[in-house]
Amino acid sequence: MPATAEGTGAGGADDSVPPPERPAGRDRMPGWLPRAMMLALALLGCFQLAGWAFDRLVGLLLNVLIAFFLALAMEPAVDWLAARGMRRGLATALVFLSVVAAVAGFFAALGSVLADQITLIIENLPSYVDDVVHWINGTFHTNLSSGKLQSGVLHSDWVREYLQQNAGSVWGLSATVLGGVFQLLSVFLFAFYFTADGPRLRRALCSVLPPARQAEVLRAWEIAVAKTGGYIYSRGLMALVSGLSHYVFLELLGVPYAPALAIWVGVVSQFVPTVGTYLAGALPVLLAFTVDPWSAVWVICFVVLYQQFENYMLQPRITAMTVDIHPAVAFGSVVAGTALMGVVGALIAVPATATLQGFLGAYVKRYDVTDPRVHGRPRRSRRTPGRLWKRRNSS
């Protein structure tokens, strides 16, 4: 007992007993942790590299996307020519030359209107300034001189400083124009290869997929071609009808540049989403106002009436077999495409939505609705319960 008391400390425990030994390897780092850290660092580096590459290649990716949808729109015409014995490369070149000629004709017609109007404004600028000065003098009882005003504006210091500051922007504008031309050529080059080598591209894509997946890919491709081509051709047909109708009406009113204005109205009203109708009708109204204010009023009335005819009579019949999309869905797709990719997204939003709708319609099974409440309020019988009781008893 004394021996036990001597070896006991204040806490009642024996201080001379060594602490228990810890199992070997408890303080060492787990073997998987370094590998996990290296993998995390590698993934982070790959993510940063992918983000850097995407920022550098986003312009090229947008050009490829535009070219892909352009190729989808051109493929039905190329297939039609190829089925009649023409070589696919020659058929693709012929279709693309037709598209380029149509686009060049549109810009040439629009350029002639703008050039003539700018020339007319420059020639009549002194008279416009005189009219403004006379109106100011008559309204505010001032004594301004148009000659002194023009000389003071042209020889003022702020005009000289503005010209000096923006003299270097000519090179920037030239570089922007050259960049736009290069992007346009890139889009047409990619679209040409996508269209000419369409069957070879599909075979290369399907060769890495199992047979079941190949059928799905080919079906999705056919739906995309049908919907995109149908959208372009239906819009082109409606643009032709709209252009001819407006041309006849503008010629009857005697509005100048009626052919160019008809081309402008037909193309812009059909291929510019959402606001195309208002942009298309603004230019003919302005030119008609220079002839006679009442002519501008008649043009506004015709544009409104034709828009109603197109919305309720022409468009449902033309687009019923191609891109039958609800107007609210089309508007929402344009807004979403603009928010995601700007002007490019607005242009390809409707055919992309039509493709998605066609794909879902092909794979999503639908059932008939049997509930009468979905179709509307059920009709009540005109016969009263008393008449029904008498008829049943008499029978």
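The values are calculated or read from the model by the stated rules, or taken from the named source; none is laboratory data. Predicted model, so just to flag it, every value in this text is computed and none were measured. Counting neighbours? That spans all protein chains shown, and the Cβs are built from the backbone with ideal geometry, glycine included. Protein only, heavy atoms only, side chains kept; ligands, DNA and RNA dropped before computing areas. Shrake-Rupley method; radii C 1.70, N 1.55, O 1.52, S 1.80 Å.
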Exercise for review: For residues that are surrounded by 15 or more Cβ atoms within 10 Å (Cβ to Cβ) and out of contact with any Gly (no Cβ under 6 Å at 6 or more places or on another chain), scanning just segment 301-323, find the one that is modelled with the lowest pLDDT.
Suggested key: T319
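Give the residue, chosen from G337, G386, that is modelled with pLDDT under 70 and either open to solvent by less than 100 Å² (accessible area, probe 1.4 Å) or not in a loop (DSSP other than H, G, I, E, B) (or both).
Details: G337 fails: modelled with pLDDT under 70.
Of G337, G386, the one residue that is modelled with pLDDT under 70 and either open to solvent by less than 100 Å² (accessible area, probe 1.4 Å) or not in a loop (DSSP other than H, G, I, E, B) (or both) is G386.
Condition test on L283, is it surrounded by 13 or more Cβ atoms within 10 Å (Cβ to Cβ), more than 21 Å from I348 (Cα to Cα), in contact with a helix residue (DSSP H, G or I) (Cβ under 7 Å, 6 or more places away or on another chain) and touching a residue at least 12 places away in the same chain (Cβ under 8 Å)? Walk me through it before giving the result.
Numbers: surrounded by 13 or more Cβ atoms within 10 Å (Cβ to Cβ): yes; more than 21 Å from I348 (Cα to Cα): yes; in contact with a helix residue (DSSP H, G or I) (Cβ under 7 Å, 6 or more places away or on another chain): yes; touching a residue at least 12 places away in the same chain (Cβ under 8 Å): yes.
Answer is yes for this residue.
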Review point. Are there any helices (runs of 4 or more DSSP H) wholly within segment 180-278 with 2 or more residues that are in contact with a Ser or Thr (Cβ under 7 Å, 6 or more places away or on another chain), at pLDDT below 85 and open to solvent by 20 Å² or more (accessible area, probe 1.4 Å), and if so which?
Key: 211-253
Exercise for review: Scan segment 336-366 for residues that are β-branched (V, I, T) and either free of Cβ contacts under 8 Å to residues at least 12 places away in the same chain or farther than 18 Å from S269 by Cα (or both) and report the count.
Suggested key: 5
